[in-house]
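In what follows, a single structure is set out as C-alpha cells and then discussed.
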C-alpha cells in the first residue's frame, strides 16, 4: 500500500524543480502534510550508494544542516532506528527526526521503507519533527548506473515562515541529492 502511494507521485506531473538531472515533485496531503519526491541518476552501484547511506556517524559531513546522526538500535528482523538532529535556521529551533527503516532487496533494486517514530527525548531547545512515511529506492540501470528516488511525507510541527518552508520543501532535498552524488563520487572530500 505504501509503495503504491509513492509510485504515483511524479507520474505524469511536471517537476517543481529540475537541475543537474535531478527532478523534485511536491504534493500536498491530508492534515497540512507535504509529500516530497526527488529523483535522478547516480553513476555508482547500488551497493556503493547504500554503503554511504548506512554510514550514519558520517552523515553530518555531507547532509545539509545535519548536526548529528546515529544508529539508535538495530533489530534482529533488519529494522533500524536512526536519530538525526538538524540545525534549523532562526527563528526555528532544531528538529530531531527518529526514523525506523527496513532495507528490502528486490530483483533489481534496494528499497528502504520506513516511518517516523516520535520518542520523548527531553532535549532542551529541540522539537521532534515527524516523517510519517518515507521510501528510498535504488534501481540498477547498469553496472555502475543507479536510478535513485527519495520520497517522504513530513509535518513540520508548528508555524514556519515561508522562506524556511521553501528551503525545507525545495532546496534541502535538491542539496541532499547533489551532496549524496558528490559523496559517492569523491569519498575522501568528506572525511
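Every read-out reported here was derived from the displayed coordinates using simple, explicitly stated rules and does not represent laboratory data. The model shown is predicted, which means the values in this text are computed figures rather than measured ones. Here the Cβ is made from the backbone with ideal geometry for all residues, glycine too, and neighbour counts use every protein chain on show.
So for the pair residue 165, residue 61, with labels modelled 7 Å out along Cα→Cβ, what separation do we get in nm?
3.7 nm
Based only on other Cβ atoms within 10 Å, what is the fewest-to-most ordering of 47, 135?
Numbers: 47 12, 135 21.
By the 10 Å Cβ count, ascending, the order reads 47, 135.
Order of 167, 185 from fewest to most other C-beta atoms within 10 Å? Walk me through the numbers before you get to the answer.
Details: 167 18, 185 12.
So the residues, fewest neighbours to most, are 185, 167.
At 7 Å along the Cα-to-beta-carbon direction for both residue 106 and residue 75, put a label point, then send me their distance in nm to one decimal.
2.1 nm
Quick one: order 79, 35 by neighbouring beta-carbon count within 10 Å, fewest to most. The partial results should precede the final answer.
Working: 79 13, 35 21.
Starting with the residue having the fewest Cβ neighbours, the order is 79, 35.
Which of the peptides 14-20, 59-65 is most tightly packed, and how do the rest follow, going by the mean number of other Cβ atoms within 10 Å of each residue?
Working: 14-20: 12.6, 59-65: 17.1.
So the order, starting with the most tightly packed, is 59-65, 14-20.
May I ask you to derive the FRET efficiency for residue 41 and residue 90 from their Cβ-Cβ distance with R0 = 45 Å, giving the value to the nearest 0.05?
On the way: r = 36 Å, r/R0 = 0.80.
Efficiency, rounded to the nearest 0.05: 0.80.
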